[in-house]
Structures are given as structure tokens and as C-alpha cells.
Amino acid sequence: MFYRDERLALFIDGSNLYAAAKALGFDIDYKLLRQEFARRGKLLRAFYYTALLESDEYSPIRPLVDWLHYNGFNMVTKPAKEYIDSQGRRKVKGNMDIELSVDAMELAPSVDHIVLFSGDGDFRPLVAALQRKGVRVSVVSTIRSQPPMISDELRRQADNFIELDELRDIVGRPPRETHPEAEQAYVSEEN
């Protein structure tokens, strides 16, 4: 539930939202997403968090990052780390949980409602801390994928759960053809 006069901030875990939308078979139109939540309240900030592969000359996610930056999103990025796993596969690691959590706690005194676009159960303590500060927290993810993309603990902690699939007609667009390197641009969050 949203109130028109409440101060609102969006916190988007880029890789998590990308994976949830992909599991549901659509892409996010970020212009429409921002417009939808600006309609629901007084949108103060929209943060987007992602790790970037700095070693590649061209990163498939770079055009999105640049577009978001020029279109009213506060971009929070850091270099991703590459490593080879025990099976010899190239893996990428880039967890943005700490950055998102610190920013949310810093902004908490200035907002009434935070919308977290992530299903990562590691955010449950953040949601509880924000609630103790009087901030309402809605979480956007999906239970309609197999397996569900949201942890049960996070869903239970949130004041409101918004099913991403129900936003499809409002903020979705058909998926573009992806290339394998685009898949790797959305960095895994393995520790």
C-alpha cells in the first residue's frame, strides 16, 4: 500500500532484479518503473546497484548503466572480481549488499517508505532495522518462478510484498535477445 504524500525511495539490486525478470520472461523498462513509483508517492531517490566487469573492453551492461545515470537514477557501482572455480569455470563475484544497506540506513530519516527490488534473504536484517526507524518497507520480487526468487524470511519481514509478475504490464517489455556475455554482465553474488 502506498500513500500519495509519503516520501519514497527505490533501492534496486540490479543483478537480483534482472534474474527475477528473466525468470518471468520479460525485461524491465526502467523509465516506466520510475514513472510508476513516482505516481505512487513523492519519489526522492531511485538507486541502482551493480558490479561491473572492468577487465572487459566493452561491458554489455555499460549502456544500461549510462542510460540510468542520465535518467534520474543514482548509480552505485564497483568493480567485479573474476576468479576460476574448482571446476575450472570462469566466475564473477560482485556483491553490493553492504553498499545498498549503508545507503538505505543513511536515507532512512528522510523517507517514509523504501521499496527494495531484491529477493535476497541477506536483506532481512536491513528491513528490520529500517522498520525500527519507522520506515515502511515494500519488497519487489517473485514467488512465481521455479524456484521462487525471494527468500521466505525477507518476504515475511517486509511490510508489503509486491509480486514482480503483477508489474509486468506496467513496467515490462518483451525480452531482447541476449548474448552469453550479457548474461555474465549481471554478476553473480557468490561469496
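Things to note:
- Residue that is of a type in the set (Lys, Arg) and at pLDDT 95 or above, where the choices are Arg176, Arg90, Arg132: Arg132
- Yes/no for Leu126 being touching a helix residue (DSSP H, G or I) at 6+ places or on another chain (Cβ under 8 Å), modelled with pLDDT of 95 or more and open to solvent by less than 10 Å² (accessible area, probe 1.4 Å): no
Matching residues to (1) assigned to a loop (DSSP other than H, G, I, E, B); (2) in contact with a Gly (Cβ under 8 Å, 6 or more places away or on another chain); (3) under 13 Å from Ile28 (Cβ atoms):
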position: Leu130; (1), (2), (3): no, no, no
position: Arg144; (1), (2), (3): yes, no, no
position: Ile150; (1), (2), (3): yes, yes, no
position: Glu153; (1), (2), (3): no, yes, no
position: Arg156; (1), (2), (3): no, no, no
position: Phe161; (1), (2), (3): no, no, no
position: Arg168; (1), (2), (3): no, no, yes
position: Arg176; (1), (2), (3): yes, no, yes
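- Exclusive hit being at pLDDT 95 or above and open to solvent by 50 Å² or more (accessible area, probe 1.4 Å), set Ile143, Ile150: Ile143
- Number of positions in the range 102-123 that are closer than 18 Å to Asp5 by Cβ, open to solvent by 10 Å² or more (accessible area, probe 1.4 Å) and under 16 Å from the mean Cα position of the chain (by Cα): 0
- The helices (runs of 4 or more DSSP H) located wholly in the range 3-76 that include 3 or more residues which are open to solvent by less than 10 Å² (accessible area, probe 1.4 Å) and aliphatic (A, V, I, L, M) occupy 14-24.
- For the range 7-23, the criterion of being modelled with pLDDT of 95 or more, touching an Asp or Glu at 6+ places or on another chain (Cβ under 9 Å) and more than 23 Å from Ser151 (Cα to Cα) is met by at least one residue.
- Of everything listed in (1) more than 14 Å from the chain's Cα centre (by Cα); (2) open to solvent by 20 Å² or more (accessible area, probe 1.4 Å); (3) more than 19 Å from Lys22 (Cβ to Cβ); (4) modelled with pLDDT of 95 or more, the single unmet condition for Glu99 is (1).
The values are calculated or read from the model by the stated rules, or taken from the named source; none is laboratory data. In this text the structure is predicted, and so the values were computed from the model without any measurement. Don't worry about glycine lacking a Cβ; one is built from the backbone with ideal geometry, like all the others, and counts go over all protein chains shown. Heavy atoms of the whole protein, side chains included, go into the accessibility calculation; ligands, DNA and RNA do not. Shrake-Rupley method; radii C 1.70, N 1.55, O 1.52, S 1.80 Å.
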